Amino acid sequence: MTDPAAWLAPWAWSQAQHCLIPPQSARTAARSTAVGATAAASPWTPEQQQRLEAALEQAPSGSEAWDLALALLQQPGAASLRPMADQRRQALVGDTVTYVVNRNLNFTNHCVQHCGFCAFRRDAGQAGAFWHSFDTLQARAREAAQAGATELCIQGGLNPEARLNGSSLAYYQALLRALAEAAPGIHLHAFSPQELLFIAEQDGRPLQAVIDGLLEAGLGSVPGTAAEVLSEPVRRQLCPEKLTARQWCAVILQVHRSGLASTATLMAGHLEAPADRAAHLLTLVALQRVAWQHQTSGFSEFVLLPFIGAQAPAALRQRVGRDQPDRAAMLSLTAQARLLLGRWLVNHQPSWVKLTLAGATEALRWGCNDLGGTLMEESITSMAGAQGGTRQSPAALEAAARSLGRPVRQRTTLYGAPVPVGVAP
């Protein structure tokens, strides 16, 4: 078996162990305190919220932070959390709703892994398999720029054939350069931590060399996907072939230390329990603390990704027993995430692909301040059976925000003001 620390910087592997906060059952033997045992049975109070925020300032891995976080994640129904989360959103980022004009490019679904939730991956030659040429991707990049996009979001399966002159890194560099050539000045938001580690493994080179090489080729930021739930007991059931939670944290630490921002995600509504969700969110706080300590931007936003089971592999679909997200449960989790993440991750985004635009609009009342991107196309979630569609127009996103009486503005990937993007002749 490959050393899990292979390709990772020793400092990042060590730091990841301290940042990764395991669920309570994996830390202690059913420890119960007055805070953890009784607080979840009563409505969440402003006093508890203040104590949680103070505890996170001291140590997100501490016992008080854990007990309060778990109590918050165990709130039944959590309808009472909505106004508190909405007020916290307003205090942190104001009332303006933001969105980005972008295009999603899933360049291949050829993949060597077999995650238990994935309806996207295919073997080469299998029905539904695709691997787009650079010409096709450049054409789509030009179309995106002509439509006013400021970002390309680029992710794909783990395709061992994606090489140039025998090098995986060279292929991914060439991909970035081809897209930048087609749409000069566009922001390249590309390659999950899993993809970055895969490139390093394929070439047998340090992850830092991969990050540096992609930066040189124009990489602008990194999607924080492949996190799923940062709980090893859940990952062993959900995606045992994927990088571990500690590896994900180590890759993110190196990404942030290299000056790249990333998003942060949580896939929820499948096998995870409140303790797994609490561990995941506390880990994000711990990682953000490290980024800020080193004066890097760290996470730019938090995105909740509800599980879609309609086309998921049968074994997981049967265990979950639901094809589409439980909207009420996901709205409750939206509020819980806003309250727990607090000042550490101030931008929160729902997924209109998974929740539908109506559901995402409602999430703006539960703590979210951003509606994500126009996408223009989307393969991963739509192939799983999501009902939200694959594109939204700026007008539709703006109308959604205004339906709640909220002001709205277009943003860049990193939440600045957009500037025009060129198109290659």
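Can you compute the helix-only [θ] at 222 nm over the chain? Use -39500 (n - 2.57) per DSSP H run of at least 4 residues, normalise by all residues, nearest 500 deg cm²/dmol.
Value at 222 nm, helices only: -13500 deg cm²/dmol.
Taking the Cα centre as origin and putting +1 on Lys and Arg beta-carbons and -1 on Asp and Glu beta-carbons, what dipole magnitude results for the chain, to the nearest 20 debye?
Once rounded to the nearest 20, the dipole reads 580 debye.
Which cross-chain or sequence-distant (5 or more) residues have an amide H under 5 Å from the amide H of Gly373, H modelled 1.01 Å from N in plane?
Residues meeting the criterion, in which the H sits 1.01 Å from N, are Val100.
Could you work out the local net charge near Leu176, counting Lys and Arg as +1, Asp and Glu as -1, over the other residues with Cβ closer than 14 Å to its Cβ?
It works out to a net charge of -4.
Rounded if a/c is under 1.5, else prolate if a/b beats b/c, else oblate: with a ≥ b ≥ c from the C-alpha gyration tensor eigenvalues square-rooted, which is the range 227-367?
Cα axes put the range 227-367 in the oblate bin.
Laboratory data are not the source of any read-out in this text; all were calculated from the coordinates shown. Just so we're clear, the structure is a prediction, and the values are computed from it rather than from any experiment. Positions of Cβ are generated from backbone atoms using ideal geometry, with glycine treated the same way; all protein chains shown enter the neighbour counts.
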